Each structure stands twice: as C-alpha cells, then as structure tokens.
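Written below as structure tokens is the structure these notes are about.
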Amino acid sequence: MNLHAIRAIYRFEMARTFRTLLQSIVSPVVSTALYFVVFGSAIGSRIPEVGGVSYGAFIVPGLVMLSLLTQSISNASFGIYFPRFAGTIYELLSAPVSPLEIVISYVGAAATKSVMVGLIILATAALFVPLKIMHPGFMLLFLLLTAVTFSLLGFIIGLWAEGFEKLQFIPTLVITPLTFLGGSFYSIDMLPPFWQRVTLVNPVVYLVSGFRWSFYGTSDVGVGVSLAMTLLFLLACLAVVRWIFKTGYKLKS
C-alpha cells in the first residue's frame with residue numbers, strides 16, 4: 001500500500017476545500033438554515049408533532065442526509081472529473097499508484113468533507129431546535145457509511161460524465177427528488193397504503209429512516225433493513241468501480 005501517494009492525493013483534495021470555504025462549507029449551512037425557516041417555522045407551526053417528535057426536530061435527520069448525499073456526490077465527482085478534463089489523470093494512471101489507492105484517496109477526501117458538512121449542519125440545527133441522539137454510535141455509522149457510499153457513486157459519475165452538465169444531471173434530477181420523496185420531511189406512515197408501498201422502492205427511504213432512528217428511536221423501516229440496504233448499495237458501487245478500472249472504461253480514451 002502506497003501510503004505516501006494516498007496521503008498526497010488526500011491532502012490535495014482537502015486543500016481545495018479550504019480554498020473554497022464559501023462554496024464548500026458556508027453555502028450548505030446557509031441552505032440548511034433556510035430550510036429550517038421555511039419548513040421548521042412556517043410548516044412546523046401547522047404540524048406540531050410527527051411520531052411524538054416536534055416537526056422541527058423531526059426534519060433534522062432528513063436535512064443532514066440531503067446535504068450529505070448531495071455533497072458526497074458533488075465532491076467526489078468533481079474531484080475525479082477535473083483531472084480527466086485537464087488531462088492529468090493519465091499521469092496519475094501511469095504513476096506507481098494502484099486503483100485501490102486512487103479510490104481510497106479521492107473517495108476518502110470526499111467522504112471526509114461530506115461528514116464535516118454534515119456535522120456542521122447538525123450543530124447548526126441544534127441552534128434552532130432541541131436535539132437528542134439516542135444512539136450516537138449508530139448515528140456516526142450511518143453518517144460514515146452514507147458518505148462513503150455516495151462518494152463512491154460520485155466517483156463513478158465523475159468517470160462517466162463527459163461534461164460539466166452531466167456532473168449535475170444525476171444529483172439534480174435523480175438524487176435530490178429521491179431525497180425529497182424519501183421521507184426527509186415527512187413520515188411515510190402519513191401516506192396512503194398504496195403510496196407507502198411505492199415509496200419503499202426509493203432507496204433513500206432506508207438511509208433517512210435508519211439515520212432518523214439513531215436520533216429518536218423511531219423509523220419508517222426497521223433499522224436492520226436500513227443498514228442492510230446501505231451496505232448493499234455500498235457493495236454495488238464498489239463492484240462498479242472495480243469494473244471501471246478492470247475494463248478501463250472512460251480511462252483509456
């Protein structure tokens with residue numbers, strides 16, 4: 001394992017974050033504060049509680065998960081796409097760095113940045129509503145697994161995309177709608193039975209549900225099922241990344 005190479009790429013990616021603090025850190029926090037103003041105050045005044053939890057506190061896990069998914073994909077996709085765009089990826093591929101080390105570096109940096117943003121948003125949320133975390137260990141586990149999984153997805157998107165427009169296609173038109181329809185701002189128990197069954201097809205439901213369980217001990221889906229689905233998605237992303245490096249898809253041209 002070439003730890004020097006991993007550390008060099010990781011530090012380079014992290015340095016880019018600190019050079020763009022306004023975009024990387026401040027923007028997600030401001031967006032979350034606006035969500036609390038709109039959903040927590042305006043709508044929350046009409047919905048006093050959901051599952052025994054105040055509506056303002058109920059939406060916190062969903063807001064953190066929304067930011068975590070979008071930031072993980074954005075950080076990882078741009079991190080690996082820019083070397084392809086600039087042509088420097090061929091220098092990286094010809095260097096004595098294995099595919100595993102490349103993935104660890106880029107995905108690790110993207111996941112680190114996403115977890116940082118998630119924790120900052122969590123701290124910001126505590127300024128608006130009283131929070132309690134019943135299972136902090138599981139909260140951190142879901143946070144890390146989700147960040148790594150969607151950073152891997154972002155890595156795949158960064159290799160697949162042929163332009164900056166495609167980098168935003170899946171996060172904007174697929175991930176964000178799935179997150180909004182995945183129980184981030186409501187419990188799926190509030191839906192009619194037919195739409196409850198339809199919603200269970202949405203993979204984000206399991207992420208949000210498991211994450212919310214770590215806060216309040218209640219969830220729309222069993223925590224074991226949520227954890228299993230997260231791990232399954234992680235393995236699927238790993239399999240795709242392995243196939244990309246094995247075949248040279250989007251790397252040799």
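Derivation of every value follows stated rules applied to the coordinates shown; laboratory data play no part. Keep in mind that this is a model prediction, so the values were computed, not measured. Please note: Cβ atoms are built from the backbone with ideal geometry, for glycine as well, and neighbour counts cover all protein chains shown.
For the chain, the relative contact order is 25 percent, taking Cα pairs closer than 8 Å that sit 6 or more residues apart in sequence and dividing their mean separation by the residue count. When the helices of the chain are scored as -39500 (n - 2.57) per DSSP H run of n ≥ 4 and the total is divided over every residue, the value at 222 nm lands at -22000 deg cm²/dmol. Applying both filters, DSSP loop and at most 12 other Cβ atoms within 10 Å, to the trypsin sites (Lys or Arg not before Pro) of segment 172-253 gives Lys252. By other beta-carbon atoms within 10 Å, ranking Thr199, Thr172, Thr70, Thr179 with the fewest at the front produces Thr172, Thr199, Thr70, Thr179.
The simple Förster model, with R0 at 22 Å and r as the Cβ-Cβ distance, assigns Arg19 and Ala86 a FRET efficiency of 0.85.
Dipole of the chain computed with +1 at Lys/Arg Cβ and -1 at Asp/Glu Cβ about the Cα centre; of Phe194, Tyr206, Ile244, farthest Cα towards the positive end is Ile244.
Between Leu173 and Leu235, full extension at 0.36 nm per residue minus the direct alpha carbon distance yields a gain of 20.0 nm. Placing +1 on each Lys and Arg Cβ and -1 on each Asp and Glu Cβ, with no other charges, gives the chain a dipole about its Cα centre of roughly 400 debye.
Pairs on different chains or at least eight residues apart, Cα atoms closer than 27 Å: how many lysine pairs in the chain fit? Don't skip to the answer; put the middle values down first.
Numbers: Lys113/Lys132; Lys113/Lys166; Lys113/Lys250; Lys166/Lys246; Lys166/Lys250; Lys166/Lys252.
The result is 6.
Counting other beta carbons within 10 Å of each Cβ, put Ile244, Ile157, Ile9 in order, fewest first.
On the way: Ile244 18, Ile157 24, Ile9 21.
By the 10 Å Cβ count, ascending: Ile244, Ile9, Ile157.
Every Cα-Cα pair of the chain was included, and the share exceeding 35 Å stands at 17 percent. When the charge dipole of the chain is built from unit charges on Cβ atoms (+1 for Lys and Arg, -1 for Asp and Glu) and taken about the Cα centre, the candidate among Ala110, Pro28, Leu92 whose Cα reaches farthest toward its positive end is Leu92. In this simple spin-label approximation, Ser31 and Arg11 carry label points 7 Å from Cα along the Cα→Cβ vector, and these lie 3.1 nm apart. Structure remark: mean-square fluctuation, Gaussian network model of the chain, C-alpha springs under 10 Å; the largest value among Ser98, Ser209, Ser72 belongs to Ser98.
Among 137-148, 57-68, what's the highest-first ranking by average C-beta atoms within 10 angstrom per residue? If you can, show how the numbers build up before the last one.
Details: 137-148: 19.7, 57-68: 25.5.
Taking the mean over residues of other Cβ atoms within 10 Å, the ranking is 57-68, 137-148.
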